[in-house]
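The values are calculated or read from the model by the stated rules, or taken from the named source; none is laboratory data. This structure is a prediction, so every number in the text was calculated from the model and none was measured. Ligands, DNA and RNA are excluded from the accessible area calculation, which covers all protein heavy atoms including side chains. Shrake-Rupley method; radii C 1.70, N 1.55, O 1.52, S 1.80 Å.
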Amino acid sequence: MSRAKRADTVVKFPIGRVVREHRIRGTQHGSPELDAIEQAAISVRRAIKTLLRQEATLNLRAAVARKKVTPEQRAAACAENMRRLYARDDARLFRKLADKLEAQAGDGDDGGSAA
């Protein structure tokens, strides 16, 4: 029986968030839907604050980890990055050359007639 009562105390609104009425403070705003939306907005603000704190912690941990990187590791990462850049540039040059050759081959085409 408590399950049926609990299902009756659910307020749904368009963004799909469900807030139980017992979590909604008694405000003078009006409809239960409006109160539920405002409570959801409070929850989202709290979640954002938590994520910002987590981001700050991760930034600090990353700074500490960066200080621990050896010169050899830094040189290896730099070499890998340069290898990727050169490979990307080579691919662009190859594509540009292929396009140029295709354009030249297309200019000499006389519509498929054999001479």
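Using heavy atoms of the protein chains and a probe of 1.4 Å, the accessible area assigned to V64 is about 80 Å². Suppose the Debye formula is applied to equal point scatterers at every Cα of the range 46-107; what is log10 I(q)/I(0) at q = 0.16 Å⁻¹? The computed values of log10 I(q)/I(0) come out as -0.74.
Computed from backbone phi with θ = phi - 60° and the Karplus coefficients 6.51, -1.76 and 1.60, the 3J(HN,Hα) list for the range 79-90 is 4, 5, 4, 5, 4, 5, 4, 5, 5, 5, 5, 4 Hz; x is used for glycine and proline.
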